[in-house]
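Notes follow the structure.
The values are calculated or read from the model by the stated rules, or taken from the named source; none is laboratory data. If you're wondering where the values come from, they're calculated on a predicted model, not measured in any experiment. Here the Cβ positions follow ideal geometry from the backbone for every residue, glycine too, while neighbour counts run over all protein chains shown. Accessible surface areas use protein heavy atoms only, side chains included; no ligands, DNA or RNA. Shrake-Rupley method; radii C 1.70, N 1.55, O 1.52, S 1.80 Å.
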Amino acid sequence: MPDLILNMDALNHNLRRMPRLERDWNFSFMPVLKMVACHPAVVEAVKQAGYRQYGAAEVDEPLFWKNEPASDEPALDDKPVLISLPPMHRADDVVRLFSRSPADSIDALDALDAAAERRGSDARPHDCIVMLDLGDMREGIPIEHCDEFFHAVVNRFRRLNLTGIGVTMGCLHGACPDAIAMNELAHAAARAQAILGRSFSLVSLGGSIFWDWWAEHHGEFACPPGCRVELRIADPILLGYDSYHQKASAGGAFRRDLFRLDATVLEVTERNLRPPRVLALNGQGEIAPLTRTGPRKRALLDCGILHTSVRGLKLDIPGAEIVDFSGNYTILDITDCPGTFRPGDTVSFVPDYWAIAQSFRNPMVPKHCLSCA
């Protein structure tokens with residue numbers, strides 16, 4: 001079983017960069033903690049940095065690290081923001097656990113409004129943002145239909161506050177923000193306010209693909225009066241780089257040494273590799289190519305596809321090569337490695353976004369949030 005280690009010094013360093021960038025680039029930062037499944041140590045670091053709200057991707061993420069659901073309603077400042085569309089049958093949980101949620105249909109908004117009303121007049125109304133689609137074609141009302149949608153919801157809700165509009169880009173088809181899309185968004189926000197007869201409080205931009213665009217073009221976005229722009233983003237603080245373009249994030253000096261995955265060497269053997277006489281699909285349901293044959297030296301590690309997204313692991317050991325994975329194992333070819341490997345040794349990987357996300361969601365993978373100074 002591998003161990004996942006989070007360098008809290010690097011996380012805190014990245015968080016400390018945000019307030020100045022918020023001022024310089026005129027936005028509000030919403031830390032998205034989907035990658036770490038809202039781990040309590042990360043939530044606490046975010047709050048200590050002054051960010052009382054943070055984004056969660058699943059309805060059950062606020063409960064994931066607790067033995068039992070909380071019996072009392074959390075204080076508003078302790079409620080995360082739900083960033084993914086919730087299933088309607090979880091509407092009661094959404095309004096209890098989250099300070100805000102997204103929606104892109106009248107049915108979903110009706111369900112949230114009814115759930116908020118069931119909490120009674122003493123409970124705070126539930127905030128909601130309406131998601132629009134600017135071309136990534138995942139969630140959201142197509143931008144050309146938004147006027148019709150907002151006409152249909154005028155004065156419709158009793159315990160639901162439509163506080164703004166939201167957009168996510170880059171996540172499905174890799175659609176990037178550009179001048180045309182952002183002009184459409186600004187016009188849609190202004191028309192929605194006119195139709196509803198009141199102002200929104202925010203325009204929420206999600207997907208870390210917005211980070212570098214906003215860094216360069218924040219002065220060009222015609223945000224409606226009274227609105228603030230919110231960036232719902234993870235990469236700068238949790239990765240330290242732009243995972244969409246595989247380059248340093250704008251804003252400079254973000255640390256990238258946040259995560260490592262430590263695996264243990266279980267076996268070191270010399271094997272004469274040769275194709276099987278009779279071949280079937282392997283444990284991953286694939287035909288496994290044998291790219292190298294003949295005498296090779298291999299190391300077997302206790303880190304496999306049951307633990308993480310193994311194709312998102314990077315190994316930085318000269319001469320060693322990841323050649324395959326199985327249920328519980330990673331297989332290294334160490335034939336050309338000048339170093340020695342012995343059972344019990346630790347091998348460290350640099351995990352990517354999805355390797356981190358899957359390891360955090362696997363309750364059997366130990367997580368260690370450490371000061372690594």
Check on Ala194, open to solvent by less than 30 Å² (accessible area, probe 1.4 Å), farther than 29 Å from Tyr353 by Cα, in a helix (DSSP H, G or I) and modelled with pLDDT of 95 or more
no
Does any residue in region 107-133 that is in contact (Cβ under 8 Å) with a residue 40 or more places away in the chain and within 17 Å of Val167 (Cβ to Cβ) come within less than 6 Å, Cβ to Cβ, of a residue that is open to solvent by 20 Å² or more (accessible area, probe 1.4 Å) and part of a helix (DSSP H, G or I) six or more places away or on a different chain, and which pairs are these?
Leu132/Ile143
Residues of region 27-46 being farther than 22 Å from Trp214 by Cα, surrounded by fewer than 23 Cβ atoms within 10 Å (Cβ to Cβ) and not aliphatic (A, V, I, L, M), which ones?
His39, Pro40, Glu44
What's the number of the only condition in (1) in a helix (DSSP H, G or I); (2) touching a residue at least 60 places away in the same chain (Cβ under 8 Å) that Cys146 fails to meet?
(2)
Residue list for region 285-328, restricted to those being assigned to a strand (DSSP E or B) and without any contact (Cβ under 8 Å) to a residue 24 or more places away in the chain
Gly294, Glu321, Ile322
Out of all the residues in region 329-351, is one or more under 25 Å from the mean Cα position of the chain (by Cα) and not in a strand (DSSP E or B)?
no
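A quick yes/no check of all residues on (1) open to solvent by less than 20 Å² (accessible area, probe 1.4 Å); (2) in contact with a Ser or Thr (Cβ under 9 Å, 6 or more places away or on another chain); (3) farther than 19 Å from Lys367 by Cβ; (4) not hydroxyl-bearing (Ser, Thr, Tyr):
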{"residue": "Asn272", "(1), (2), (3), (4)": "no, yes, yes, yes"}
{"residue": "Pro276", "(1), (2), (3), (4)": "no, no, yes, yes"}
{"residue": "Ala280", "(1), (2), (3), (4)": "no, no, yes, yes"}
{"residue": "Arg296", "(1), (2), (3), (4)": "no, yes, yes, yes"}
{"residue": "Leu301", "(1), (2), (3), (4)": "yes, yes, no, yes"}
Among the residues of region 1-21, how many are open to solvent by less than 40 Å² (accessible area, probe 1.4 Å) and either over 25 Å from Asn362 (Cα atoms) or modelled with pLDDT under 95 (or both)?
4
